[in-house]
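To keep things clear, I will list the structure first and then write my remarks on it.
The values are calculated or read from the model by the stated rules, or taken from the named source; none is laboratory data. Given the structure is predicted, the values throughout are model-derived calculations rather than measurements. Please note: Cβ atoms are built from the backbone with ideal geometry, for glycine as well, and neighbour counts cover all protein chains shown.
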Amino acid sequence: MGVLNITPDSFSDGGRFLEPGVALEHAQRMIEAGAAIIDIGGESTRPGALPVPLEEELRRVIPVVHALAAASGALISVDTSRPEVIERAIAAGAGMINDVRALHRPGALAAVAQSGAAACLMHMRGEPETMQLAVHFDAVVTEVRAMLAARLASCEAAGIEPERLCLDPGFGFGKHPVHNLELLRDLGGLLDLGRPLLVGLSRKSWLKSLTGRDSGERLAGSLALATVAVLNGATIVRAHDVAETVDAVRVAAALRN
């Protein structure tokens, strides 16, 4: 899954792809490099990020979804929590919704249920602007698993078939580095939920605590995390550096299989 942030303030590539033509070119380069899914986001969810107005998120995202759907057969994912954006994005050609709030917002479950689109349910406590302020887990894998299981049940009750869903443990979302490492090491503890696991580990800020590297220097660390994630059961890897990550994933998948 290649990352396409159409935002001025994303932690790694904010401001680079605000112009729709530039965004489309970058998406096409990621597809050529091996991305099977392009994940388009119009609102940053980095720690401390503030929400953007609905109309601004729509203005950023929908033209790029339209253009990419017309130009490519790749699966288009939209990183959003708003039901209005979900509906408009799917109408424009998106086939997947990647929601850091796990379809918690009013209307989000119904928007996905009636669409036939796929969705990713992610674990996060709180909101991006506050999620790192009071982090606590007694047993992080158990607690993440319980929340994801509850969201799966809510989706089923809303008429969303399990086959349309994947799960994301939410690395870096309301978690300290020690929690991220424990989740990664014990990722297999989520596999019995029966859905594919998506991981977002690319260039994450907690890599700085492990490597000392700034965001533009975290390729090697990101590849190491992606490799371990696939070996431990991940199916979808969300990444900024697509060509390099594809190689790492292919090697790890060959070893796992």
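Tell me the residue from Leu225, Leu210, Leu191 that is among the aliphatic types (A, V, I, L, M) and surrounded by 18 or more Cβ atoms within 10 Å (Cβ to Cβ), please. It is Leu225. Residues of the range 129-141 that are closer than 18 Å to Asp186 by Cα, surrounded by 12 or more Cβ atoms within 10 Å (Cβ to Cβ) and not aliphatic (A, V, I, L, M): Phe137 alone. Take the conditions (1) in contact with a Gly (Cβ under 9 Å, 6 or more places away or on another chain); (2) touching a residue at least 24 places away in the same chain (Cβ under 8 Å); Ala70 misses just one of them, which is (2). The set of residues in the range 57-103 that are modelled with pLDDT under 95 and of a type in the set (Ser, Thr, Tyr) contains only Ser72. Residues in the range 79-87: is at least one closer than 17 Å to Val61 by Cα and polar (S, T, N, Q)? Yes, because at least one residue in the range 79-87 is closer than 17 Å to Val61 by Cα and polar (S, T, N, Q). Is it the case that Met131 is closer than 20 Å to Ala89 by Cβ and in contact with a Phe, Trp or Tyr (Cβ under 8 Å, 6 or more places away or on another chain)? Considered against the rule, which asks whether it is closer than 20 Å to Ala89 by Cβ and in contact with a Phe, Trp or Tyr (Cβ under 8 Å, 6 or more places away or on another chain), Met131 comes out as no. Taken together, Arg151, Arg185, Arg145 contain a single residue that is of a type outside the set (A, V, I, L, M, F, W, C) and touching a strand residue (DSSP E or B) at 6+ places or on another chain (Cβ under 7 Å), which is Arg151. Scanning the range 8-36 for residues that are under 14 Å from Pro63 (Cα atoms) and assigned to a loop (DSSP other than H, G, I, E, B), we see that the one that is modelled with the lowest pLDDT is Phe17. For the range 150-172, residues that are surrounded by 15 or more Cβ atoms within 10 Å (Cβ to Cβ) and either over 18 Å from Ser81 (Cα atoms) or at pLDDT below 95 (or both) total 1. Condition test on Leu183, is it assigned to a helix (DSSP H, G or I), closer than 18 Å to Cys120 by Cα, under 17 Å from the mean Cα position of the chain (by Cα) and touching a residue at least 40 places away in the same chain (Cβ under 8 Å)? In short, yes.
Of the residues making up the range 242-257, those that are surrounded by fewer than 20 Cβ atoms within 10 Å (Cβ to Cβ) and without any contact (Cβ under 8 Å) to a residue 60 or more places away in the chain number 9.
Answer yes or no as to whether Ala252 is touching a helix residue (DSSP H, G or I) at 6+ places or on another chain (Cβ under 6 Å) and small (Gly, Ala, Ser). Considered against the rule, which asks whether it is touching a helix residue (DSSP H, G or I) at 6+ places or on another chain (Cβ under 6 Å) and small (Gly, Ala, Ser), Ala252 comes out as yes. Annotation: of all residues in the range 106-128 being surrounded by 20 or more Cβ atoms within 10 Å (Cβ to Cβ) and more than 17 Å from the chain's Cα centre (by Cα), the one that is nearest to Ala94 (Cα to Cα) is Ala111. Of the conditions (1) surrounded by 23 or more Cβ atoms within 10 Å (Cβ to Cβ); (2) in contact with a strand residue (DSSP E or B) (Cβ under 8 Å, 6 or more places away or on another chain); (3) farther than 19 Å from Asp79 by Cβ, Ala102 satisfies every one except a single condition; which number is it? With respect to (1) surrounded by 23 or more Cβ atoms within 10 Å (Cβ to Cβ); (2) in contact with a strand residue (DSSP E or B) (Cβ under 8 Å, 6 or more places away or on another chain); (3) farther than 19 Å from Asp79 by Cβ, Ala102 is out only on (3).
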